[in-house]
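What follows is a single structure, written as structure tokens, with notes after it.
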Amino acid sequence: MSSKSVNYFFMGMVVISVLFALLAFKTWNPSKEYDLQPDKALTHFHVDQCQFVKNRVTVSGWALVGGEKHIKTDVYLEQEDGKYTKMFTRHTSRPDVSSYFDSGNLYDLSGFKAAQRVNSMPSNTALKIKIVSKITNGDVYSASYICE
């Protein structure tokens, strides 16, 4: 192989690497906005932590709908225009919630942790989030929360 061919091959691999990195970034940091409509009121929830540090918003807590073992909970971050960005949310084990409500292990999977990178946030603005829980029959419950 000539050195010219090696150079072209190298440049092609650099371009592919950059495109792969951009694709991975877009996949992990979606910028899709949601216009959330009012749902049924989510009355049983608690936010343990909600903070903004170094362009990253993190939220943790629990949410439950009475009598429902499995619910899907997502956390959304409100933008200045009133629309919401869905945060990366995962479920966590919270046996303390089941214990508090004296329900065996019914609410052990009621915990959540959510995180999202943001470009900037004014220091004097409180973080506004929406916790949305969907139960197995399709009903959606939501609650707004202001992190101060």
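The values are calculated or read from the model by the stated rules, or taken from the named source; none is laboratory data. Here the structure is a predicted model, which means the values were calculated and not measured. Counting neighbours? That spans all protein chains shown, and the Cβs are built from the backbone with ideal geometry, glycine included.
When you check Leu42 against the structure, is it buried (at least 20 other Cβ atoms within 10 Å of the Cβ) and either more than 25 Å from Phe25 (Cα to Cα) or not assigned by TED's automatic domain parsing to the domain that holds Phe25 (or both), yes or no? Taking the combined requirement at face value, the residue satisfies it. Being small (Gly, Ala, Ser) and at pLDDT below 90 holds for only one residue in Ser133, Ser110, Ser123, Ser99, and it is Ser123. Residues of the stretch 22-66 that are modelled with pLDDT under 85 and small (Gly, Ala, Ser): Ala24, Ser31.
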